[in-house]
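Engineer: Pasting a structure here, questions to come.
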Ligand code: UFG
């Protein structure tokens with residue numbers, strides 16, 4: 001391996017992927033982004049080579065791997081909406097599982113053996129205890145979480161059979177934006193709490209709906225563990241370096257270990273933005289556990305990962321800078 005690795009970022013035009021591309025470029029890596037722009041943006045890829053392509057296109061993948069030499073692959077390209085995955089499971093199994101297999105098979109064929117995978121807290125399903133550690137039972141309750149857990153299991157088999165080493169990173173609630181203001185969250189439609197709250201603050205939406213105030217939490221609203229996208233990028237880099245250094249396959253939670261309620265997020269957003277944010281109470285959303293908080297000690301110990309932008313105000317400030325620029 002060269003001292004500055006050559007990295008393929010699949011889904012590098014998306015929210016977390018684009019932050020990763022920027023991070024890798026800053027480390028001096030050779031970066032190739034492969035993205036079909038179905039949910040990503042070409043202008044979010046701030047450098048390196050961009051290849052417009054789809055993971056369903058095996059010929060395009062063959063071409064990509066036969067014309068480049070990669071030390072590792074970081075895979076962000078997947079559909080992520082829990083509710084949609086219940087209504088359109090075929091879309092999720094096809095893209096998140098079958099297309100990921102196409103990528104893994106191209107890697108095996110071309111002997112690229114280091115893989116970082118975007119997984120999710122949704123692999124655990126309804127929490128049996130919190131904070132959730134990696135040993136928590138994996139009983140995903142929706143197709144989205146199932147697709148991610150299936151890929152994690154496939155990765156174990158690919159390691160056994162083909163020596164493909166992987167680290168699966170199970171994100172809790174990815175949030176925030178590039179601290180330098182160049183990148184941020186641009187989901188269409190947006191379903192995530194923090195960007196929606198900030199759109200209500202900026203006037204792009206009339207209000208924020210609070211999905212349920214009758215949960216068994218101190219203020220009755222759901223508690224989540226928000227982790228800054230810059231800290232996520234850092235974890236991916238550390239995981240990649242660990243694999244390139246010869247480490248075995250693993251799976252780690254990525255969260256701060258702090259839970260904030262929906263109401264606490266709205267209160268913090270009012271403080272940070274100085275705006276009055278209109279709130280509308282709505283019924284519970286299906287499938288929302290009351291409390292999801294990560295135990296991320298394994299990632300901290302094994303990767304020497306230390307989230308630095310863990311403060312809720314910092315996460316919201318960075319996201320607000322991006323929202324204000326739009
Ligand atoms: N919420 C609202 N109003 C909204 C949007 C969200 O009250 O308009 C609430 C939700 O009910 C939830 C919290 O804000 O309690 C956070 O919701 P998000 O949609 O931002 O995030 P989730 O916790 O539902 O989902 C995240 C990831 C998923 C992942 C899941 C793990 O986005 O990809 O965690 O369970 F699957």
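Engineer: Compute a Gaussian network model of the chain, connecting alpha carbons closer than 10 Å, and tell me which residue from 145, 28, 11 fluctuates the most.
Structural biologist: 28
Engineer: Continuing with this model, one more query. Report relative contact order for the chain in percent, whole number only (criteria: Cα-Cα under 8 Å, sequence separation at least 6).
Structural biologist: About 18 percent, as a whole number.
Engineer: Another question, then. Quick one: helix 15-26 against the long Cα principal axis of the chain, what's the angle to the nearest 10°, folded into 0 to 90?
Structural biologist: Long axis of 15-26 versus the principal axis of the chain: about 60 degrees.
Engineer: 222 nm [θ] for the chain, helices only, -39500 (n - 2.57) per DSSP H run of 4+, per residue, to 500?
Structural biologist: Value at 222 nm, helices only, nearest 500: -11000 deg cm²/dmol.
Engineer: Give me the percent of Cα-Cα pairs in region 90-142 that sit more than 18 Å apart, rounded to a whole number.
Structural biologist: Of the Cα pairs, 50 percent sit more than 18 Å apart.
Engineer: Rg and Dmax of region 1-108 over Cα atoms: what are they, in angstrom?
Structural biologist: 13.8, 46
Engineer: Also, I was wondering about something else. Which of rounded, prolate, oblate describes region 266-326, given a ≥ b ≥ c as roots of the alpha-carbon gyration tensor eigenvalues and a/c under 1.5 marking rounded, otherwise prolate only if a/b is larger than b/c?
Structural biologist: Oblate, because a/c is 1.5 or more while a/b does not exceed b/c.
Engineer: If I model a spin label at residue 286 and residue 190 as a point 7 Å from the Cα along the Cα→Cβ vector, what separation in nanometres do I get?
Structural biologist: 2.5 nm
Engineer: Among 227, 80, 277, which comes first, then next, by fewest other beta-carbon atoms within 10 Å? Could you put the intermediate results ahead of the total?
Structural biologist: Details: 227 27, 80 23, 277 18.
With the fewest neighbours first, 227, 80, 277 line up as 277, 80, 227.
Engineer: Take the alpha carbon gyration tensor of region 101-230, find the square roots of its eigenvalues, order them as a ≥ b ≥ c, and report rounded if a/c is under 1.5; if not, report prolate when a/b exceeds b/c, else oblate.
Structural biologist: It comes out oblate by the Cα gyration axes.
Engineer: Relative contact order, percent, of region 136-286 when contacts are C-alpha pairs under 8 Å separated by at least 6 residues?
Structural biologist: Relative contact order here is 32 percent.
Engineer: Once you order the gyration tensor axes a ≥ b ≥ c over the Cα atoms, which shape class does the chain get: rounded for a/c under 1.5, otherwise prolate or oblate by comparing a/b with b/c?
Structural biologist: It comes out prolate by the Cα gyration axes.
Engineer: Give the calculated FRET efficiency between residue 37 and residue 141 to the nearest 0.05, with a Förster radius of 41 Å applied to their Cβ-Cβ distance.
Structural biologist: Plugging the Cβ-Cβ distance into 1/(1 + (r/R0)^6) gives 0.85.
Engineer: Taking the chain as the reference, fit the longest principal axis to its C-alpha atoms, fit the long axis of helix 262-273 to the helix C-alpha atoms, and give the angle between the two in degrees, 0 to 90, nearest 10.
Structural biologist: Helix 262-273 and the main axis of the chain meet at about 90 degrees.
Engineer: Could you work out how far helix 229-244 tilts from the main Cα principal axis of the chain, as a 0 to 90 degree angle to the nearest 10?
Structural biologist: Value to nearest ten degrees: 20.
Engineer: Sorted from fewest to most neighbouring beta carbons within 10 Å, what does the list 192, 207, 19 look like? Provide the component values of the computation, followed by the final result.
Structural biologist: Working: 192 18, 207 14, 19 30.
The most exposed by this proxy come first: 207, 192, 19.
We did not get these values from a lab; they are worked out from the coordinates using the rules stated. These numbers come from a predicted model, not from an experiment. Note that we place each Cβ from the backbone using ideal geometry, even for glycine, and neighbour counts take in every protein chain shown.
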